There are 2 protein chains.
Amino acid sequence: MTQRVSAAALRDYTARLFSAAGLSAEDAGIVADALVTTDLRGIDSHGVAHIPRYIRGLQNGSLNGRPNIRILRETPSTAMLDADHGLGFLVGYRAMQIAIAKAKTAGSGWVSAHDSTHYGAAGYWASLALPHDLIGFSLCTSTSRIAPTFGARGMVGTNPIALAVPAGREPPFLLDMATSVVPMGKLEIHLREDKPLPEGWVVDINGKALTDPHEAYRRSIDGDVMLLPLGGAGETWGGHKGYGLGFAVEIMSHLLAGYAGAVAVTPGREPGLGQFYGALSVDAFQPADDFKAIMDNRLREYKTTPPLPGHERVLVAGQKEWEKSQERQREGIPLHDEVLAHLREVGASLGVPFPG
Amino acid sequence: MTQRVSAAALRDYTARLFSAAGLSAEDAGIVADALVTTDLRGIDSHGVAHIPRYIRGLQNGSLNGRPNIRILRETPSTAMLDADHGLGFLVGYRAMQIAIAKAKTAGSGWVSAHDSTHYGAAGYWASLALPHDLIGFSLCTSTSRIAPTFGARGMVGTNPIALAVPAGREPPFLLDMATSVVPMGKLEIHLREDKPLPEGWVVDINGKALTDPHEAYRRSIDGDVMLLPLGGAGETWGGHKGYGLGFAVEIMSHLLAGYAGAVAVTPGREPGLGQFYGALSVDAFQPADDFKAIMDNRLREYKTTPPLPGHERVLVAGQKEWEKSQERQREGIPLHDEVLAHLREVGASLGVPFPG
């Protein structure tokens, strides 16, 4: 069962929770905007459902709610940040502000953050560039779960690529994709719904497909099963490309930030992560209005592609999420009973009453 | 049958051909370096085998061998070029020189080229950044052959993504991948070898798999079959991600260069293309020597991943091509009789004798 809560009320509640957990009022608002926008877009796996985890981290000191985010190195178009183990949402916001400012003066801005933490949906950070007529980018790494092609051990994270491109009258192009066949969130959905996994999502260290979601999830914790990279097992359908993209994202986000290896996992602690953010000026290449008219035209061409028999329409990246956000802005955000219970519990512990 | 020709002799011959076709001596050398390096790396589909096509284009005026490549707009980290329908190899070289110079002064350099043409292997252009301790990028679009997810018409090109990252003692990371399951070159190999295509590479406009390479190739010319995006048909294995990446590459390379739609195809003419090039300073984020030591360590960790039963080893992007270039540098580049015959023919028509 779910209950709908208005975006405004949920945003207000979220901000009050993070204030109560020690963030400044401004920073609490930044976190609330990110989480509620993500739920509005229908990405329930990366929104307010994670609040208990973040609040717990702030309380036990494994996340820093008052980070001293410093620029260590800087050029006209780049900045290297020490993120001071800050809550990833605060790091994402500061990093994108720097990237956006640099894009306006130098044509582009590229920001690497060392010692950041989980920052929700990568696409949200890329999308912050859109109101400025900039193309936004964000890359992040995560725990090693993906098999390299022909490999028998999880080496690569689900390492998302996010890219946001402004349009005119059409909703923006917003790509936000794990470089594995599926992210962990998809497994969790099958687990909750007790639905078998399609072959080609998860394999054991002998390469055998696992289709029982309970077994797959349990064994993923011990690290003796692996997710497959986009393109699947072997090279026949391009699995080496998904693996290569995942490694590329690790390089750009984690290694360029100065980490010598994979994400270091300590049970009960939020791992330190490298992240990469970018903003590129459209005006540096084409007058922004001309480019946005081109985007509108081309987005419409894709969306009016004749569909295959049995299918209704062709989508573009970000379209589903945009439609969802229109609907949820009107009707409220549906929260599962379990998520609601956890949110109420956190609120009670911090003395913040749940709205309504 | 093949015959081995030394890289030096082939490079010299190629440069003389392009000189004879009207390029300056310097530019002819630039083209020869690109083509022969590509053959050295084992990417035979994008190297000297294409020389007859380029020479024909230069001769019939559908490629410009003396382009007036102009900077139309510029910021500290970006440049917009009018490439004057220049041979893509000349555009790639100039664009990367500009990107590299900007990366050295502004931290990064991003160059968009309007009215470029086919430029061979995208990875070659990215790799030009490596000797400068820069990370190199290149994106390009091509004829619409890929089905968008649930779509019944080819809309996206095979749109490659190339990324080159310097290492220390290890060969560099060099990713160069079409965003479709396979590039057209793979189809051509199956055609030559009369080998059936795996299901999941090519479908007709009803979504039915085609496995006969002759039928697939013939119908690809009429546009009534489609290649599938990385991740395959539908969304189950992430086909919408490959489609999204392909569209993203089109946006960054073709639309940002000012094109209002897909690549315009005119039979017998080399189409005008948008291309995107980039260089990012490593030193802007980490001392280059530290970063290259990190890359060495991590490349070795990936390469020593325990392999799946029945497999010998795990590769990293660019490893196979690096090994091939060592071998071919020593043993010579094997050229198929058919390729040799065409090269001799072109040489004879231009008064340039084939070596040996």
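The values are calculated or read from the model by the stated rules, or taken from the named source; none is laboratory data. This structure is a prediction, so every number in the text was calculated from the model and none was measured. Here the Cβ is made from the backbone with ideal geometry for all residues, glycine too, and neighbour counts use every protein chain on show. Just so you know, the surface numbers come from the protein's heavy atoms only, side chains and all, with ligands and any DNA or RNA stripped out. Shrake-Rupley method; radii C 1.70, N 1.55, O 1.52, S 1.80 Å.
Hey, could you check the range A:101-119 for residues that are touching a residue at least 40 places away in the same chain (Cβ under 8 Å) and surrounded by fewer than 24 Cβ atoms within 10 Å (Cβ to Cβ) and say which is farthest from B:SER108 (Cα to Cα)?
Among them, the one singled out is A:HIS118.
Which residues, counting only those in the range B:278-326, are free of Cβ contacts under 8 Å to residues at least 40 places away in the same chain, closer than 26 Å to B:SER108 by Cβ and assigned to a loop (DSSP other than H, G, I, E, B)?
Selection gives B:PHE285, B:GLN286, B:PRO287.
Suppose we filter A:GLU338, A:GLU250, A:GLU323 for residues that are within 21 Å of the chain's Cα centre (by Cα) and either basic (Lys, Arg) or farther than 30 Å from A:ASP82 by Cα (or both); which single one remains?
On the way: A:GLU338 fails: within 21 Å of the chain's Cα centre (by Cα); A:GLU250 fails: either basic (Lys, Arg) or farther than 30 Å from A:ASP82 by Cα (or both).
One residue alone meets the criteria, A:GLU323.
Filter the range A:256-296 for residues that are under 30 Å from A:ASP222 (Cα atoms) and within 11 Å of chain B (Cβ to nearest Cβ) and give the result. Lay out the reasoning, then the answer.
Of all residues in the range A:256-296, those under 30 Å from A:ASP222 (Cα atoms) come to A:256-276.
Listed by number, the residues that qualify are A:LEU256, A:ALA257, A:GLY258, A:TYR259, A:ALA260, A:GLY261, A:ALA262, A:GLY274, A:PHE276.
Which of the residues belonging to the range B:313-356 are buried (at least 19 other Cβ atoms within 10 Å of the Cβ) and among the acidic types (Asp, Glu)?
B:GLU321
What is the one condition in (1) touching a Pro at 6+ places or on another chain (Cβ under 8 Å); (2) at positive phi that A:ALA106 does not satisfy?
Result: A:ALA106 passes all but (2).
Within the range A:216-250, take every residue that is of a type in the set (Lys, Arg) and surrounded by fewer than 24 Cβ atoms within 10 Å (Cβ to Cβ) and give me the one that is farthest from the other protein chains (Cβ to nearest Cβ).
The qualifying residue farthest from the other protein chains (Cβ to nearest Cβ) is A:ARG218.
Any residue in the range A:56-78 that's in contact (Cβ under 8 Å) with a residue 12 or more places away in the chain: show its pairings with residues that are among the β-branched types (Val, Ile, Thr) at Cβ separation under 6 Å, as long as the two are six or more apart or on different chains.
Every condition considered, the pairs that remain are A:LEU63/A:THR117.
Out of curiosity, is A:LYS186 crowded, with 23+ Cβ neighbours inside 10 Å and in a helix (DSSP H, G or I)?
no
Tell me which residues, restricted to the range A:264-273, are of a type in the set (A, V, I, L, M, F, W, C), surrounded by fewer than 24 Cβ atoms within 10 Å (Cβ to Cβ) and in contact (Cβ under 8 Å) with a residue 40 or more places away in the chain.
The answer is A:VAL265, and nothing else.
Could you run through the range B:327-356 and say how many residues are aliphatic (A, V, I, L, M), in contact (Cβ under 8 Å) with a residue 40 or more places away in the chain and assigned to a helix (DSSP H, G or I)? Before the answer, list the steps.
Going residue by residue through the range B:327-356, those that are aliphatic (A, V, I, L, M) are B:333, B:335, B:339-341, B:343, B:346, B:348, B:350, B:352.
From the residues that got through so far, the ones that are in contact (Cβ under 8 Å) with a residue 40 or more places away in the chain too are B:333, B:335, B:339-340, B:343, B:346, B:350, B:352.
From the residues that got through so far, the ones that are assigned to a helix (DSSP H, G or I) too are B:339-340, B:343, B:346, B:350.
Total meeting the criteria: 5.
Mind counting the residues in the range A:150-160 that are facing another protein chain (nearest Cβ under 7 Å) and in a loop (DSSP other than H, G, I, E, B)?
Total satisfying the criteria: 4.
State all residues of the range B:187-203 that are over 11 Å from B:ILE146 (Cα atoms) and at the interface with another protein chain (Cβ under 10 Å from one of its Cβ atoms); if no residue qualifies, say none.
B:PRO198, B:GLU199, B:GLY200
Considering only the range A:185-223, state which residues are basic (Lys, Arg) and within 25 Å of B:GLY200 (Cβ to Cβ).
Within the range A:185-223, A:LYS186, A:LYS195, A:LYS208 qualify.
Does the range A:152-201 hold any residues that are under 26 Å from B:ILE161 (Cα atoms) and β-branched (Val, Ile, Thr), and which are they?
Residues satisfying the conditions are A:VAL156, A:THR158, A:ILE161, A:VAL165, A:THR179, A:VAL181, A:VAL182.
Here are A:PHE276, A:PHE291: which of them is within 13 Å of A:ALA83 (Cα to Cα) and open to solvent by less than 20 Å² (accessible area, probe 1.4 Å)? Steps first, please.
Numbers: A:PHE291 fails: within 13 Å of A:ALA83 (Cα to Cα).
Among A:PHE276, A:PHE291, only A:PHE276 is within 13 Å of A:ALA83 (Cα to Cα) and open to solvent by less than 20 Å² (accessible area, probe 1.4 Å).
When the residues of the range A:133-149 are filtered to those that are open to solvent by 30 Å² or more (accessible area, probe 1.4 Å) and either within 11 Å of another protein chain (Cβ to nearest Cβ) or touching a Lys or Arg at 6+ places or on another chain (Cβ under 6 Å) (or both), which remaining residue is modelled with the highest pLDDT?
Only one residue tops the list, namely A:PHE137.
So, in the range A:204-215, exactly how many residues are without any contact (Cβ under 8 Å) to a residue 40 or more places away in the chain and either open to solvent by 20 Å² or more (accessible area, probe 1.4 Å) or closer than 19 Å to A:PRO160 by Cα (or both)?
6
Mind checking which residues of the range A:162-173 are in contact with a strand residue (DSSP E or B) (Cβ under 7 Å, 6 or more places away or on another chain) and either on the phi > 0 side of the Ramachandran plot or open to solvent by 30 Å² or more (accessible area, probe 1.4 Å) (or both)?
A:PRO172
Confirm whether A:LEU245 is touching a residue at least 12 places away in the same chain (Cβ under 8 Å), part of a loop (DSSP other than H, G, I, E, B) and within 30 Å of B:THR149 (Cα to Cα).
On the way: touching a residue at least 12 places away in the same chain (Cβ under 8 Å): yes; part of a loop (DSSP other than H, G, I, E, B): no; within 30 Å of B:THR149 (Cα to Cα): yes.
So A:LEU245 fails the test.
Quick check, is B:LEU40 under 22 Å from B:GLU321 (Cβ atoms) and either without any contact (Cβ under 8 Å) to a residue 60 or more places away in the chain or of a type in the set (A, V, I, L, M, F, W, C) (or both)?
yes
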